[in-house]
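Report on the following structure.
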Amino acid sequence: MASQKENSNPAVVTGKSFTAVAINTAAKAGEWIKSKLGSYGQLSLKTSAQDLVTEVDKGSEKMIRNLISTHFPHHTFLGEESVGQTEEEKQEAIARASEAEYVWVVDPVDGTTNFVHGFPFFSVSIALAHKGEIIVGVVYDPSRDELFVAEKGKGAYVHGNKMKVSRESELAQCLIASGFPVDQQKTLPPNMRGLQALAPQVRNIRTSGSAALHMAYVAAGRLSGFYELGLNAWDTAAGAILIQEAGGKVTDTLGNPYRLSTRHTLASNGIVHSSLLEVIKQADAQG
Ligand code: IPD
Ligand code: CA
Ligand code: CA
């Protein structure tokens, strides 16, 4: 077991690197989640009929928290299932986490609706931020056994292969992804306006139900862009560093640099970023 005393290299605690812990933890949680497919126990609603949580989400978060705190007991932990459910509580928790020296930002199951329906597109998302800057990100897809990992300044990899964002330069060549936000009053209508405006301009749109995995796919060059309003740090933090380290760009929908407090998210290969921003601006779809 790693000792609690950190040595002079901030990325290493007595030999167990932050990245190694993130990878091992995501892989273990992902395997466990997969083993629970089809037997998730009790299904509860959170903020709406579209916002689901199961015993598996809670169990996965507990497992992740325990594994991380074994190695880094003094680090702060921000997990989706451990914060309150009102918007204010979520934003407050994220704002506090942004100030922590080291904070692990965790979505224990991103794509719970898919998990509940047996649709194999869900992931575990784990990021580590140092004073608000993301330094490690891991997204694990247990259905395909694909682990996406990035470390600040060291590139992004999937199964040991370096990832590079796509090279498409015209919207008409771009496959992009989005989602349907669970807040049907405030966030869904502008997001729909954005989709309506984007659909005729891009090659096609996918809304597959895991923001973290969509962002990993942008990093891997499988998608050229991702747009969704009303997300939270646990959905996007790991994906953001994956994309940046693969050469892409992540901002809010006004074009400001991505931060843990960013909610309305636009990610791309960088080349089509300004074109995507312009379409959603013209459509009054910035959120
Ligand atoms: C959801 C997924 C989905 C996105 C929703 C998120 P959850 O996360 O990322 O793709 O459209 O906005 O809330 O609830 O499955 O962790
Ligand atoms: Ca999520
Ligand atoms: Ca979740």
Quiz item: Considering only the other residues whose Cβ falls under 15 Å of the Cβ of GLU92, what net charge follows from Lys and Arg at +1 and Asp and Glu at -1?
Solution: -2
Quiz item: Between the range 65-104 and the range 199-273, what is the C-alpha centre distance in whole Å?
Solution: 22
Self-check item: Segment GLN91-GLU31, length gained on full extension (0.36 nm per residue, minus Cα span)
Solution: 18.6 nm
Self-check item: Average accessible surface area per residue within the range 68-155, 1.4 Å rolling probe, Å²
Solution: 39
Self-check item: Antiparallel bridge percentage (DSSP; both residues within the chain; nearest 5)
Solution: 80
Quiz prompt | Cα gyration tensor, the chain - rounded (a/c under 1.5), prolate or oblate | solution = prolate
Quiz item: Taking all protein chains as present, what is the carbon and sulfur share of the accessible area of the chain, in % to the nearest whole number, probe 1.4 Å?
Solution: 49
Quiz item: If you roll a 1.4 Å probe over the heavy atoms of the protein chains, what accessible area per residue do you get for the range 171-282, in Å²?
Solution: 37
Quiz item: Going highest first, how would you order 181-188, 233-240 by mean Cβ packing within 10 Å?
Solution: 233-240, 181-188
Practice problem: Would you mind classifying the range 4-162 by shape? Square roots of the alpha carbon gyration tensor eigenvalues, ordered a ≥ b ≥ c; an a/c under 1.5 is rounded, otherwise it is prolate if a/b is larger than b/c and oblate if not. | Solution: oblate
Exercise. Could you calculate the FRET efficiency of GLN201 with LYS62 from 1/(1 + (r/R0)^6), where r is the beta carbon distance between them and R0 is 41 Å, rounded to 0.05?
Key: 0.40
Exercise. Straight distance only, please: which aspartates and glutamates reach the Cα of LYS249 with their own Cα at less than 17 Å, same-chain residues fewer than 8 apart left out?
Key: GLU133, GLU151, GLU168, GLU170, GLU228, ASP235, GLU278
Quiz item: Add -39500 (n - 2.57) for each DSSP H run of 4 or more in the chain, then divide by its residues: what number comes out at 222 nm, to the nearest 500 deg cm²/dmol?
Solution: -10500 deg cm²/dmol
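The values are calculated or read from the model by the stated rules, or taken from the named source; none is laboratory data. Quantities reported herein were computed from a predicted structural model and do not represent experimental measurements. Counting neighbours? That spans all protein chains shown, and the Cβs are built from the backbone with ideal geometry, glycine included. Just so you know, the surface numbers come from the protein's heavy atoms only, side chains and all, with ligands and any DNA or RNA stripped out. Shrake-Rupley method; radii C 1.70, N 1.55, O 1.52, S 1.80 Å.
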